[in-house]
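Single-structure report; data block below.
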Amino acid sequence: MSDFIVNESNFIIEDDLYESSFVPEGFMLPDGIVFGEKLDEAPSWELYLSEDLQFRLLVVKEALAEQWVDGHLIPQSAFMPMELKDGVFYLLISPSSLKLQRLSQCRFNGSMRYAFSFYSALQHTRTLDAESSLRDGIFCELYSVMLPCYTLVPPVADRALFRNALRGKNDPESLLSPEEMGGSGGLAYASCINDLREHGYAVPAEHPLLESGEPVDDFFMGKVKIGQIITGPLCIRRQYQIFDTSTDYYVLLIDKLWGDALLHTTVLSRISLNTVPLNGRAVYVLTLPKRQALEALDDRAFGYDRHSMMDLAQAVRRTRTAVPQADLKDGLYVEKLGMILPLTFSAEFYDDGKVMWDIIQQGPFSSAPLMQDIAYDILSVARSAD
């Protein structure tokens with residue numbers, strides 16, 4: 001029997017010997033960003049985390065990148081060409097604080113902000129591409145878009161995709177086609193709200209002042225390319241509304257009464273607010289970069305790291321000095337201004353330490369939770385105004 005020893009190495013598939021990647025780990029870009037761990041992959045793209053954990057790096061084959069650009073899903077300027085050993089690839093860089101991930105991996109986990117961001121990206125995508133299957137697509141929060149991969153994966157209704165992101169870990173995935181869901185299989189705002197309500201989300205009573213598809217030219221005063229649009233709402237509250245756009249900026253609408261109250265404090269006293277009429281009411285408007293946090297502290301989706309968490313702690317301290325009796329737990333954090341805009345200016349009780357500690361413990365995080373010693377340092381900064 002010893003004459004019949006089988007050499008098993010002859011039957012090993014080549015891919016089992018090593019894992020091939022478009023970009024080798026440790027590869028450095030001209031601006032100093034270094035490729036780290038590979039997070040996900042498909043035949044036409046690979047997703048990496050930068051070595052310093054600050055960026056998500058989507059490397060795409062040339063043909064797929066060209067389809068996205070030709071379809072106006074991603075601007076040409078967002079891509080960096082890369083000549084690698086296997087040919088020309090294109091690189092899309094997103095801050096780790098924003099979602100850049102396979103659509104089927106999205107889970108809202110109780111965050112209304114995340115759900116609305118997902119909804120807005122679906123709406124934007126369908127204005128540009130009504131037919132492509134998005135089940136194996138990529139959610140790019142920076143440009144509020146779902147990037148299709150143009151494979152043979154059968155189409156799944158947009159509403160089913162939204163419901164899949166609402167489901168728990170052990171719930172089955174819905175693969176209902178647009179025809180099986182009835183109608184076009186799209187996701188209307190009313191359906192989005194109903195699905196959120198059925199899953200226990202505290203849906204807003206107020207209606208959005210802007211609709212998906214509305215032009216944003218008047219808000220940006222020439223700051224962005226003409227023809228950009230509102231993609232959908234991100235946060236709807238009585239005092240303010242945040243909207244996503246097809247640019248890398250948000251639009252923030254501030255109720256005039258609340259804005260006037262803020263202007264009487266040092267929270268907003270150093271900036272000028274433009275007033276626009278909307279639906280018979282006057283509102284203040286600000287445009288703010290997506291690369292910095294703009295969110296309600298009681299409904300977070302921005303991914304924090306040690307640096308952005310420290311910035312938030314300093315904003316807590318700065319705001320406490322400006323509005324000594326404010327309750328910050330549901331305030332609007334505007335990282336660009338380094339302030340939290342409080343909804344309640346005169347609270348009987350507040351606890352900045354608890355607000356900050358809950359965020360430190362629960363995140364969300366851009367890559368990983370904070371180390372304990374760093375967490376305590378950040379907490380001490382937030383509490384230093386107590």
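Assorted remarks:
- When the surface is traced with a 1.4 Å probe over the full set of protein chains, Met310 keeps roughly 50 Å² accessible.
- Max mean-square fluctuation residue, GNM over the chain, Cα-Cα springs under 10 Å, options Ala115, Ala296, Ala322: Ala322
- Between region 105-166 and region 332-386, the alpha-carbon center distance in angstrom: 31
- MRE, 222 nm, helices only [DSSP H, n ≥ 4, -39500 (n - 2.57), over the chain, to nearest 500]: -7500 deg cm²/dmol
- Structure-derived Cα Rg over 2.2 N^0.38 Å: which label, when the choices are (i) 1.69; (ii) 1.04; (iii) 1.09: (iii)
- Counting only protein heavy atoms and a 1.4 Å probe, the chain has 49 square angstrom of accessible area per residue.
- Simple spin-label estimate for Arg281 and Val88 gives 5.1 nm between the two label positions (7 Å along the Cα-to-Cβ direction from each Cα).
- Shown here for region 148-223: trypsin sites (Lys or Arg not before Pro) in loop regions (DSSP other than H, G, I, E, B) with at most 13 other Cβ atoms within 10 Å, namely Lys169, Lys223.
- The portion of the accessible surface of region 130-235 made up by carbon and sulfur, rounded to a whole percent, is 53 (1.4 Å probe; DNA, RNA and ligands excluded).
- Taken one residue at a time, the phi angles of region 127-143 give Karplus couplings (6.51, -1.76, 1.60, θ = phi - 60°) of 6, 9, 8, 7, 10, 4, 5, 10, 4, 9, x, 10, 8, 10, 5, 4, 10 Hz. Gly and Pro are set to x.
- Cα gyration tensor, region 109-254 - rounded (a/c under 1.5), prolate or oblate: oblate
- In Hz, Karplus ³J(HN,Hα) per residue of region 31-39 (6.51, -1.76, 1.60; θ = phi - 60°; x = Gly, Pro): 8, x, 5, 10, 5, x, 5, 7, 8
- For region 248-264, putting each phi into the Karplus relation 6.51 cos²θ - 1.76 cosθ + 1.60 with θ = phi - 60° gives couplings of 9, 10, 9, 10, 10, 9, 10, 4, 4, 5, 5, x, 4, 5, 5, 5, 7 Hz, in residue order, rounded to whole numbers and with x for Gly and Pro.
The values are calculated or read from the model by the stated rules, or taken from the named source; none is laboratory data. None of these values were measured; they are calculated from a predicted model. Backbone-built Cβ (ideal geometry, glycine too); neighbour counts: all protein chains shown. Heavy atoms of the whole protein, side chains included, go into the accessibility calculation; ligands, DNA and RNA do not. Shrake-Rupley method; radii C 1.70, N 1.55, O 1.52, S 1.80 Å.
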